[in-house]
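What follows is a short report on a single structure.
Rule-based calculations on the coordinates, nothing more; no lab input. Please read all numbers here as calculations on a predicted model, not as lab measurements.
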């Protein structure tokens with residue numbers, strides 16, 4: 001079992017703040033490095049909530065560890081406790097601690113600027129491309145792919161298309177429905193302007209993070225409910241223009257099954273060549289059910305997560321990969 005870090009008495013990192021709407025965040029110094037501590041978001045605004053807080057810290061940690069197991073660069077995470085809640089700490093990959101700053105004293109320095117895809121898309125829309133809706137936040141798949149292939153910084157950077165489609169497939173596997181344009185991007189070195197892809201971050205909306213353990217226990221006993229949860233009903237943040245000229249969210253499993261996009265097909269093949277359910281089960285099993293009186297991850301929640309991923313692998317991703325390989329061998 002992993003040990004959860006106690007963040008109650010960890011030093012706050014002064015002058016460091018984080019945005020986003022996924023819940024409260026705090027900057028701390030832990031063993032000489034900056035970490036962002038993310039709290040679970042309250043569910044009181046939801047209609048008939050089944051749990052007081054989301055399980056987003058668990059989703060963030062497990063989803064990130066799965067990305068790591070699949071050899072995708074991802075931010076480092078660790079589970080912890082703070083103020084009587086389960087939290088997740090995400091290592092800040094933009095800041096570094098210096099004992100001696102150039103202007104004197106010591107502290108954190110912002111070495112790399114995180115530029116989200118949202119902002120890159122905004123800059124590309126200035127080029128006069130008529131395709132765009134006029135919003136950097138718009139996730140129409142055609143607009144996203146046009147930006148990847150046309151924005152100057154991105155089209156000259158190796159691996160951007162592969163990263164997008166790897167995220168599309170892995171997010172489908174872990175059920176992350178919120179890979180919007182602010183949840184991935186590039187890092188720009190503040191000293192020389194060099195840019196690289198940022199590690200994957202913000203995986204907290206995976207694994208039905210607003211569900212209670214009781215709901216999971218009920219659904220895992222119902223085959224129809226599990227099929228719905230695994231691949232029939234979930235939608236992702238990306239959209240397409242439907243038959244009535246209206247934007248509709250994509251069911252990523254249906255999209256993957258179509259095999260119409262060669263870049264997506266390539267990501268499926270990369271995924272199945274690396275995925276190991278034994279490793280993934282180890283990631284989940286090593287999380288304690290409780291620490292003292294504080295519930296962390298009950299057994300039924302572990303079983304639900306694992307069964308959902310097995311179904312996605314067995315009924316969607318593996319059959320698609322096998323068909324692609326058969327087609328290639330003809």
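A few points about this structure:
- Intensity falloff of the chain expressed as log10 I(q)/I(0), Debye formula with alpha-carbon point scatterers, at q = 0.08, 0.09, 0.14, 0.15 Å⁻¹: -0.40, -0.51, -1.23, -1.38
- Contact order for the chain, expressed relative to its length and based on alpha carbon pairs under 8 Å spaced 6+ residues apart, stands at 17 percent.
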